[in-house]
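The values are calculated or read from the model by the stated rules, or taken from the named source; none is laboratory data. All figures in this text were calculated on a predicted structure; none of them were measured in a lab. A quick note on method: Cβ atoms are made from the backbone with ideal geometry, for glycine too, and the neighbour counts reach across all protein chains shown.
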């Protein structure tokens, strides 16, 4: 089988974990390619090196299977970027349309806002007719594939630090879906209120419509801020049964993860009802409670570690799921 791993939108020269948001998928595919020599592999706009990624359309043309890792694809269609930048990016993707027809496309996604419908309708503008379309979602894996980040973070060398912030949040505003439709997501309102609260010391990182500590930095830099924080809160949108990478990322740095309202309704990760918060004031009151003792962190972290698969187990699970998608 001829397989092309294609970053259709952004050029990716991947070197190591915690530098790209999709690193868990990149590492899984690296392991897959190393252990499945029966296939032929090529890459489009992606390289497992510090350089070499290029838009070689011949690789798409020759492939039978196109594996497409989609990174925050929804922001290109949610009025979050300048139309000029969106058009420039779309123009490059349009060059690939004819080479995506009659191919087996496998979408790798880690966001509830990025699914087959968004890719076909918005990214491909209803002009691509694949032979088949399969989605591999982070939620197809035990605890969510992003739980791998716990292992990655704990492999990194980190300077000793003290907890000096009550609260930290890293990420972005998700107030709009594709098409610019309001999503109903609460995080912008809540994070903005916490940022203004003088009784809670906080540090906010990411793309927000108000002044923050850092606009956008890689995960290996965010870890340094996490090591200095005591709590965070996990939000979800579109699918409340899902979980997010923020939960394992926080626990890897001994940050207590609260969860917003119905996040993870099946309690895949959530270990105690104490973690659930429904208002900003309740969150702030519980932050004060967590600061009194490390008993809550120990309880939640112990529950997580008792369920967490090893790296090798995650790679084997990815191998099984991708083989089922290809075959």
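Observations on the structure shown:
- The condition of being out of contact with any helix residue (DSSP H, G or I) (no Cβ under 9 Å at 6 or more places or on another chain), at pLDDT 95 or above and in the same structural domain as residue 100 (by TED's automatic domain parsing) holds for only one of 131, 127, that being 131.
- Taking the numbered list (1) under 21 Å from residue 150 (Cα atoms); (2) touching a residue at least 40 places away in the same chain (Cβ under 8 Å); (3) buried (at least 18 other Cβ atoms within 10 Å of the Cβ) in turn, residue 263 passes all entries but (2).
- Here 111, 166 are screened, and the one residue that is more than 19 Å from the chain's Cα centre (by Cα) and at negative phi is 166.
- Members of region 286-310 found to be surrounded by fewer than 17 Cβ atoms within 10 Å (Cβ to Cβ) and in a helix (DSSP H, G or I), listed by number: 288, 289, 291, 292, 295, 298, 299, 302, 303, 305, 306, 307
- When the helices (runs of 4 or more DSSP H) confined to region 177-278 are screened for residues that are under 21 Å from residue 308 (Cα atoms), those reaching at least 1 such residues are found at 219-226, 246-252.
- Any pair with Cβ under 7 angstrom, 6 or more apart, that starts in region 62-74 at a residue that is farther than 17 Å from residue 136 by Cα and in the same structural domain as residue 117 (by TED's automatic domain parsing) and ends at one that is surrounded by 23 or more Cβ atoms within 10 Å (Cβ to Cβ) and at pLDDT 95 or above: 63/3; 63/4
- Criterion violated by residue 120 - all others in (1) under 24 Å from the mean Cα position of the chain (by Cα); (2) in contact (Cβ under 8 Å) with a residue 24 or more places away in the chain satisfied: (2)
- Residues being farther than 19 Å from residue 327 by Cβ and free of Cβ contacts under 8 Å to residues at least 40 places away in the same chain - total across region 35-46: 2
Here is a yes/no grid of residues against (1) more than 16 Å from the chain's Cα centre (by Cα); (2) within 23 Å of residue 93 (Cα to Cα); (3) buried (at least 17 other Cβ atoms within 10 Å of the Cβ):
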| site | (1), (2), (3) |
| --- | --- |
| 8 | yes, yes, yes |
| 17 | no, no, yes |
| 24 | no, no, yes |
| 27 | no, no, yes |
| 33 | yes, no, no |
| 44 | yes, yes, yes |
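- Flag if residue 184 is under 21 Å from the mean Cα position of the chain (by Cα), free of Cβ contacts under 8 Å to residues at least 60 places away in the same chain and exposed (fewer than 14 other Cβ atoms within 10 Å of the Cβ): yes
- Some residue of region 152-161 being within 21 Å of the chain's Cα centre (by Cα), at pLDDT below 95 and closer than 18 Å to residue 21 by Cβ: yes
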